Amino acid sequence: MRYAWCSFAALLASAFVGEGSEFTDLSASFGGAATLMGIYHTTTLNPDLTSINFWIPSYEGAPARTVSLSNPHMAAADAYGNIYIADKASHSILKWTPDGLIHTLAGTHVSGFNGDGPAPANTLQISYPNGLYVFPDGTLYLLDPGNHRIRRVDTSGIMTTVVNDPEPRWAPSGRALWVSPNQQLIYYTHEFSPVPPSLISDGAVVKQWTPSRGIEVVCSRDVGFRNPANIAVSPIDGKLYVTDRAEEDTTRVADGLFRIDGPEQRTRLTGNVTQSKASSGQPALSSFIEQPRGIAFLPNGSYFLCAHKGGDVWFVDTAGILHRYIQGSGSGDTYLIVDGQHPPLTSKSVISQPRSVTLAPNGDLLVVLNDSGYLLRVRNAAPAAEAANLVPAPGASGGLRLGWDGMFGRGYRIERSSSLVNPSWSPVTAVWGQPAGQTTLLDGLPAGPEAEGYYRVLPSL
């Protein structure tokens, strides 16, 4: 059934501070690149052309640089420096910790379904996970397309099912997932299984879920999506943006980045196949980017965009102009990143087939790459987004409320100590900062004797 459009109204964010071109400022705000995880394999496919599951028990707790990823599709981070990877072919969500070790957060590394929970996430099977969304406190949502589900893993590691989509023709693919800050709105996509004798997907759909209205269609397959890859909501206009790699469209007509302007309405934001091949300095709208796959917004509405077949990671400034950030190849398993290299890296192809780009709560850029499977991080080199003007007040429900001025799109850690004499700070939670001019509020902290003490707000690690 199709329902009315339910949009998420985002607030305006401030632009970058400083003079010079946006791309120059952007480049200066990042430091060196580093490979966090990945091992080259001469082949990543089984004889039947399915992806190899490289996971072995000895990988649990091992140094990440010694662990093979299995067709990873996305990575995202929390405010404590942990990074989560949707490792599709190992049917798991992996957790990279700041000590450089890898752990299984969700899934059993065997495709299947053994219950919706609640249960420890690493005891419940998931199937071909290829999308996730992470909050600063570590709450994680994952797309479980093999089981037609969206799952939630809380900060204690317990997994439950939030969405069970009964669509019988949902192919075991999806990739795109976004969750609102209050966790009351979820956007996701899925493809439809082929209609025989065809062997390619029968288009794709964009959907939303809310607790009160359940599953609703935002864009039916009649709109023209083929293989939606990633989605994001702009901090400027509050609208949903969808990349479509259109893998099975040999005409390449469906390739592009699109903005969703309402039910069954989309606007193209990158050029079509009849226009010039993308190059730096050209408007994105008149430049063809082959198989765009990942998108990540910065607070001012500019964004990173990566292309699977084109192979590049692009920066698109607020005027819609393209800037090549990392040059890539659309084929093979090129990976020539040397730790410490400072993008832009544009003199030769150093990566291939990027699958996603995301921004961590501390501002780091995370890129998941090609079938061999690499996790690349480009460090945020800008000054930490410190909290200012911390003010306690009575909470709306009788508890304690903390308010402070922070930076939109950055995460903040809240800690408590019972004394400032030899203080022992304990983590309370972590939240997103609010747009410029808006106070970040954390409500619902305990009241009474258990709340007596001192609180501090720190930037994300």
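Descriptive notes on the structure:
- Zero-based 10 Å bins, Cα pair distances in segment 237-307, whole percents: 20, 53, 25, 2
- For ALA246, the residues whose modelled amide H falls within less than 5 Å of its own, excluding neighbours fewer than 5 places apart on the same chain, are ARG226, ASN227.
- Distant-in-sequence amide contacts of SER127, defined by a placed amide H-H separation under 5 Å and a gap of 5 or more residues or a different chain, comprise GLY112, GLY146, ASN147.
- Binned Cα-Cα distance frequencies in segment 343-408 - 5 Å width, integer %: 4, 12, 15, 15, 12, 9, 9, 8, 7, 5, 3, 1
- Applied to segment 233-238, the Karplus parametrisation 6.51 cos²θ - 1.76 cosθ + 1.60 on θ = phi - 60° returns per-residue 3J(HN,Hα) values of 10, 5, x, 9, 9, x Hz, with x for Gly and Pro.
- Cα coordinate range in segment 98-227, projected on the principal axes (Å, largest first): 47, 32, 28
- Compactness of segment 288-432 - radius of gyration and Dmax, Cα, Å: 19.9, 61
- Between the alpha-carbon centres of segment 388-436 and segment 92-131 there is a gap of 30 Å.
- Overall, the accessible surface of segment 275-416 at a probe of 1.4 angstrom is composed of carbon and sulfur to the extent of 51 percent.
- Counting only Cβ charges, +1 for Lys and Arg and -1 for Asp and Glu, the dipole size of the chain around its Cα centre is about 280 debye.
- Over the chain, accessible surface divided per residue gives 39 Å², non-protein components excluded, 1.4 Å probe.
- Solvent-accessible surface (1.4 angstrom probe) belonging to MET74, in square angstrom, nearest 10: 20 Å²
- Beta bridges from DSSP with both residues in segment 268-352: antiparallel share about 70 percent, rounded to the nearest 5.
- Cα-based reach from LYS88 at 23 Å (exclusive), listing lysines while leaving out same-chain residues under 8 positions away: LYS207, LYS309
- The GluC sites (Glu not before Pro) of segment 14-108 that DSSP puts in a loop, and whose beta carbon has at most 16 other beta carbons within 10 Å, are GLU19, GLU60.
- Computed 3J(HN,Hα) for segment 164-179, one whole-Hz value per residue from the Karplus formula 6.51 cos²θ - 1.76 cosθ + 1.60 where θ = phi - 60°, is 10, 8, x, 3, x, 9, 5, 5, x, 8, x, 6, 9, 8, 9, 10, glycine and proline marked x.
- Nonlocal amide H pairs with THR270, under 5 Å, H built at 1.01 Å: LEU257
- Whole-Hz ³J(HN,Hα) from phi, Karplus 6.51 cos²θ - 1.76 cosθ + 1.60, for segment 266-282, glycine and proline x: 9, 10, 6, 10, 10, x, 8, 5, 7, 9, 4, 5, 4, 8, 4, x, 9
- Applying Stokes-Einstein at 10 °C and 1.306 mPa s to the Kirkwood radius of segment 316-372, computed over alpha-carbon pairs, gives a translational diffusion coefficient of 127 µm² s⁻¹.
- Overall form of segment 200-354 per C-alpha gyration tensor (a/c, 1.5; a/b vs b/c): prolate
- Computed E for THR161/ASP443 - FRET, C-beta separation, R0 35 angstrom, nearest 0.05: 0.80
- q = 0.10, 0.13, 0.18, 0.20 Å⁻¹, segment 36-159: log10 I(q)/I(0) [Debye, one scatterer per Cα]: -0.27, -0.46, -0.89, -1.10
- Here the chain has an Rg and Dmax of 21.5, 74 Å, counting Cα atoms alone.
The values are calculated or read from the model by the stated rules, or taken from the named source; none is laboratory data. These numbers come from a predicted model, not from an experiment. Here Cβ is always computed from backbone atoms with ideal geometry, including for glycine, and neighbour counts include all displayed protein chains. Side chains are part of the model used for accessible areas, which takes the heavy atoms of the whole protein and leaves out ligands, DNA and RNA. Shrake-Rupley method; radii C 1.70, N 1.55, O 1.52, S 1.80 Å.
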